[in-house]
Amino acid sequence: MRFDAWDEYFDYDKWMDVFEKCDIDPSFYANRRMGYDEILPWDVIDIGVSKKFLVSESKKAYESVTTPNCKEKCSGCGANKLGGDVTWCPKMK
Ligand code: SF4
């Protein structure tokens, strides 16, 4: 399955075959709404933004509620806690 992200190498049937051999239901991962209390595959990625903030943003999105632009008001996402050059965060400048 080398370079399978490229259309000319991607083979859907091979993926389905591997899922079946490994007893994995791809729909469990790709076609359902995940709970906020679940451990998600991308939870290991830490860019400072807290899961609590992301959950709050998700709930607000479903209610069509927007968050102020960072240049207008900090909403306390947590991105500024890592330090370094976080170019999108006005609190880091
Ligand atoms: S100003 Fe920085 S810390 Fe505040 S919400 Fe924006 S990115 Fe996050």
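Exceedance of the 26 Å cut-off in Cα-Cα distance is limited, within the set Lys60/Lys91; Lys51/Lys91; Lys14/Lys51; Lys21/Lys52, to Lys14/Lys51; Lys21/Lys52.
Rounded to the nearest 20 debye, the dipole size of the chain about its Cα centre is 960 debye, using +1 on the Cβ of Lys and Arg and -1 on the Cβ of Asp and Glu. Modelled spin-label separation between Lys91 and Ser50, with each label point placed 7 Å from Cα along the Cα-to-Cβ direction: 1.0 nm. Spin-label model, Thr67/Asp23: points 7 Å from Cα along the beta carbon direction are separated by 4.0 nm.
Nonpolar atom fraction for the chain, defined as the carbon and sulfur part of the 1.4 Å probe accessible area, stands at 56 percent.
Across the options Ser50, Ala30, Thr67, the greatest Cα extent toward the positive end of the charge dipole of the chain (unit charges at beta carbon of Lys, Arg, Asp, Glu) belongs to Thr67. Probing with 1.4 Å while keeping every protein chain in the model, the per residue accessible area of the chain equals 87 Å².
The values are calculated or read from the model by the stated rules, or taken from the named source; none is laboratory data. Just so you know, these numbers come straight off a predicted model, no measurement behind them. For neighbour counting, all protein chains shown are included, and Cβ atoms are generated from backbone atoms with ideal geometry for every residue, glycine included. Surface accessibility is based on the protein's heavy atoms, side chains included, excluding ligands, DNA and RNA. Shrake-Rupley method; radii C 1.70, N 1.55, O 1.52, S 1.80 Å.
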